[in-house]
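Here the structure comes first, spelled out in structure tokens, and everything after it is commentary.
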Amino acid sequence: MIEQTLQIDFVGEASLTDETWLNREPYSLESEVRQHWLLARLNALTHWHQRACEPYARLVDCVQYQEATALQDLYPLAVRLFKQNQLKSIADEEVFRVMTSSGTTTQKVSRIYLDRQTASLQSKALVRIMQSWVGKARLPMLIADYPGVLGERAQFSARGAGIRGMLIFGRQPVYALNEDLTPNWLAIDEFIERWGGQPILLFGFTFMVWQMLEAIERSGRRLEFPQGILIHSGGWKKLQNRAVDNPTFKASAQRTLGVERVHNFYGMVEQVGSVFVECEHGHLHTPFFAEVLIRDLTTGQLTAPGEPGVIEVLSALPLSYPGHVLLTEDIGRVLGVDDCPCGRKGTRFEVLGRLPRAEVRGCSDTVES
């Protein structure tokens, strides 16, 4: 029975805070089981946030929302709302951490409020996902950044939060860049001397890694990490302006670092923990506790597989803020479901870019700060 597979029982708050389902392999469930469980969880989260977050309740009331009978019927919030409003489902004294998105001095940033329970769920989910790609052993880690990016502990930037999240998969981390973002050759050389011929983990945000790759190539050097795994995320907009696409990035990483395994992942500070990792065939994959839908920009209806549209992301994790169903400002397309040559179950998709100066409008505009 489907109900027995993940022990679906969302009567009362205790079932929402249960974490035992995270013990399951994230890419192991068939579509029917996955969607049945996720729909029940997300409906329960909608009711949870209606009771606990007044601005969210106003939004749901605005559209006369009824309980969803399919994932596409869930009510999504536009991600930009987290830049304009304080959306949280916990009391001020329960705030354990405040996450902020990246942005310039002229842009507002998202502020995501976490309690200990949500932070725990996010951390455990990230572990389950990443262990599928890098294994359970903690590998020596080279980070394409500088130590100061971590900043203050109480409030994390997206970059600092990403590094902290990945540190649990590495050991004896070494930062490859100086504060001016030039290569720290002393640190790099010492890392190579100690770990060069062994399995290692390299991590950085895409634009930072690219800057490092360019600097290494200009130096005429080639690093040798034949057993290295490079994990990177974010920053594609800046690279697209330089005509750097994913194949170009991978080729440079393999040529400059000597790595064969390069995995991009798609994620956002508004849904930390629910990351979508790119497999060896170049497809991003959803774990069973998250999903991606693609909506037509004009009609809002789901697009057919292969057709581009706005990416909607769903996650079973957010308890402390109403971020379980979000309409992004990214364009993508679904490539297939449960049919990837890599053997992993789940929706496989790709991200095509950002909406050009777009604002996805709707009833969400009624929220006030």
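The values are calculated or read from the model by the stated rules, or taken from the named source; none is laboratory data. Keep in mind that what you see is a predicted model, and the values were worked out from it rather than measured. As a convention, Cβ positions derive from the backbone with ideal geometry for all residues, glycine included, and neighbour counts pool all protein chains shown. All accessible areas refer to the heavy atoms of the entire protein, side chains included, with ligands and DNA or RNA removed. Shrake-Rupley method; radii C 1.70, N 1.55, O 1.52, S 1.80 Å.
A few comments on the model shown:
- Residue within region 72-80 that is in a loop (DSSP other than H, G, I, E, B) and hydrophobic (A, V, I, L, M, F, W, C) present: yes
- Any chance Ala304 is farther than 30 Å from Leu87 by Cβ, aliphatic (A, V, I, L, M) and part of a helix (DSSP H, G or I): no
Per-residue answers, yes or no, for (1) buried (at least 23 other Cβ atoms within 10 Å of the Cβ); (2) over 21 Å from Arg159 (Cβ atoms); (3) not β-branched (Val, Ile, Thr):
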residue: Val259; (1), (2), (3): no, yes, no
residue: Glu270; (1), (2), (3): yes, no, yes
residue: Ser274; (1), (2), (3): yes, no, yes
residue: Glu280; (1), (2), (3): no, yes, yes
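- Gln86 passes every criterion in (1) open to solvent by less than 50 Å² (accessible area, probe 1.4 Å); (2) modelled with pLDDT of 90 or more; (3) not in a helix (DSSP H, G or I) apart from (1).
- Within region 36-66, tally of residues that are open to solvent by 20 Å² or more (accessible area, probe 1.4 Å), within 22 Å of Thr299 (Cβ to Cβ) and touching a helix residue (DSSP H, G or I) at 6+ places or on another chain (Cβ under 7 Å): 2
- Taken together, the residues in region 238-276 that are modelled with pLDDT of 90 or more and either of a type in the set (Ser, Thr, Tyr) or over 28 Å from Val79 (Cβ atoms) (or both) amount to 12.
- Strands (runs of 3 or more DSSP E) completely within region 193-287 that count 2 or more residues being without any contact (Cβ under 8 Å) to a residue 40 or more places away in the chain, of a type in the set (Val, Ile, Thr) and more than 20 Å from Met166 (Cβ to Cβ): none
- Condition met for Lys124 (open to solvent by 60 Å² or more (accessible area, probe 1.4 Å), of a type outside the set (S, T, N, Q), touching a helix residue (DSSP H, G or I) at 6+ places or on another chain (Cβ under 9 Å) and at pLDDT below 90): no
- Residue list for region 144-188, restricted to those being at pLDDT 80 or above, outside any loop (DSSP other than H, G, I, E, B), open to solvent by 40 Å² or more (accessible area, probe 1.4 Å) and of a type outside the set (A, V, I, L, M, F, W, C): Pro147, Gly148, Arg164, Arg171, Gln172, Pro173
- Scanning region 72-83 for residues that are closer than 18 Å to Ser315 by Cβ, open to solvent by 60 Å² or more (accessible area, probe 1.4 Å) and within 21 Å of the chain's Cα centre (by Cα) yields a single hit, Gln72.
- Which numbered condition Thr69 fails, given (1) of a type in the set (Val, Ile, Thr); (2) touching an Asp or Glu at 6+ places or on another chain (Cβ under 8 Å); (3) open to solvent by 80 Å² or more (accessible area, probe 1.4 Å): (2)
Yes/no matrix, rows are residues, columns are (1) under 19 Å from Asp115 (Cβ atoms); (2) at pLDDT 95 or above; (3) small (Gly, Ala, Ser):
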| site | (1), (2), (3) |
| --- | --- |
| Arg24 | no, no, no |
| Tyr27 | no, yes, no |
| His36 | no, no, no |
| Ala44 | yes, no, yes |
| Arg51 | yes, no, no |
| Gln64 | no, no, no |
| Glu67 | no, no, no |
| Leu71 | no, yes, no |
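- Within region 127-143, the set of residues being open to solvent by less than 50 Å² (accessible area, probe 1.4 Å) and of a type in the set (A, V, I, L, M, F, W, C) comprises Val127, Ile129, Met130, Trp133, Val134, Leu139, Met141, Leu142, Ile143.
- Subset of region 288-299 [over 17 Å from the mean Cα position of the chain (by Cα) and in a strand (DSSP E or B)]: Arg295
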